[in-house]
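**Q** Sharing a structure here in structure tokens format.
The values are calculated or read from the model by the stated rules, or taken from the named source; none is laboratory data. Predicted, not measured: the structure shown is a model, and the values here were computed from it. Note that each Cβ is placed from the backbone with ideal geometry, even for glycine, and that neighbours are counted across all protein chains shown. Please note that ligands, DNA and RNA were not included when accessible areas were found on the heavy atoms of the full protein model with its side chains. Shrake-Rupley method; radii C 1.70, N 1.55, O 1.52, S 1.80 Å.
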Amino acid sequence: MDRPLMIFSGQSNVPLAQEIADNLGVPLGKSSTERFANDCLFVRYEQSLREGDVFIIQSLTPPVQDHLVELLMMIDAAKSSSAARVTAVIPYYAYARSDKKDAPRISITARLVADLIQTAGADRVLTMTLHSAQVHGFFKIPVDHLSAELVIANYFATRVDQLENAVIVAPDAGDLKRASALARRLALPLAFIDKQRLSDTEVTSRGLVGNVKGKTALIIDDEVSTAGTLVQAVDVLKQNGAEAVYAAFTHGVYVGPAIERIEKSPILEVAATNTCLYKGQPSPKLQTLSVGPLFAEAIWRTHRGESVSSLFT
Ligand code: R5P
């Protein structure tokens, strides 16, 4: 695009936005967000956006409502400041689990969030590892949906001794497709756990399909939130004879009891990409994988009107 490339950040993950801007070799744009005494937010760009190709980076991490409203305000303000094109870059898309009407009288909130982003004026969306692929289809504007599969595959390949004795594990049925793709990429067998969710924070298992005895189990999931799914999966794998367990996630949301659960679990290491900014205590079990260069490359190709499909896998 024959327009200046401009990168701005909401407040949710400024280090990732800075990393992306550094990789692109452009300064992070100047904007400010204030909170009034009545709790309303106030967003303002501190530079001209006129005819710019504007990318606004905002992960919808907790406090989710604040970060969502800030993103909507930044899109709206960019459009009314005469930006030529506005792309919402949403490394972590919250509410993605509310993607279907699986109970009476509920909201399909993932679609509602898509509606809000489009109504605010976004021309495009760039995101990563949506909980389910159908969320992509809730948008009528173009969506580029990146995957962290390669980053995670590299992590396992370099971190795990004797990779040939490993098995990829999907901790629930929803992750089977993702786990199967990774297993094929690393030429490893696949196992999966039949998970049943009891509440927002508690899960139970109804069994394991596949052989993990004497093997290093490598769990892959889209996100770790309270770590209920993770620690339950580790218990099942250990009970079935797994020697060692590692896990890797695209989104390390780490809320509530997550860190305490991980610390107490026999899992050796938990890795997540930096789509979500970790603000807790450092833990020797936690690893962070960078997706800044991947987002930077996708933004650069979008700006130049080049294909980004080769970055999808
Ligand atoms: C659920 O289907 C997802 O793939 C994750 O397994 C889930 O979001 C993890 O949540 P938690 O860490 O709270 O168990």
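**Q** Could you tell me what percent of the accessible area of the chain is made up of carbon and sulfur, with a 1.4 Å probe and every protein chain present?
**A** So the carbon and sulfur contribution to the accessible surface is 50 percent.
**Q** Related question: How do 149, 297 rank by accessible surface area computed with a 1.4 Å probe, from largest to smallest?
**A** 297, 149
**Q** So if each residue of separation counts as 0.36 nm, and I subtract the Cα-Cα distance between residue 112 and residue 285, what length gain in nm does that give?
**A** Contour length minus Cα-Cα distance gives 58.7 nm.
**Q** So what's the convex hull volume per residue for the Cα atoms of segment 1-126, in Å³?
**A** With only Cα atoms used, segment 1-126 gives 114 Å³ per residue.
**Q** Still on this model: What is the sum of charges, Lys and Arg at +1 and Asp and Glu at -1, for the other residues whose Cβ falls under 13 Å from the Cβ of residue 32?
**A** Result for the neighbourhood of residue 32: 0.
**Q** Whenever you get a sec, line up 221, 194 from highest to lowest accessible area (probe 1.4 Å, protein heavy atoms).
**A** Ranked from most to least accessible, the order is 194, 221.
**Q** I would also like to ask the following. Please report the net charge: other residues with Cβ closer than 15 Å to the Cβ of residue 282, K and R +1, D and E -1.
**A** Value of the local net charge: -1.
**Q** Here is a follow-up. Can you give me the C-alpha center-to-center distance between segment 16-45 and segment 205-234, rounded to a whole angstrom?
**A** Segment 16-45 and segment 205-234 have Cα centres separated by 37 Å.
**Q** Okay, next question. Skipping prolines and chain starts, which residues have an amide H placed within reach, meaning under 5 Å, of the one on residue 271, given they are 5 or more residues away or on another chain?
**A** HN-HN under 5 Å from residue 271: 247, 248, 249, 287.
**Q** Taking only the alpha carbons of the chain, what extent do you get along each of the three principal axes, in Å, biggest first?
**A** Its Cα atoms span 61, 41, 36 Å along the three principal axes.
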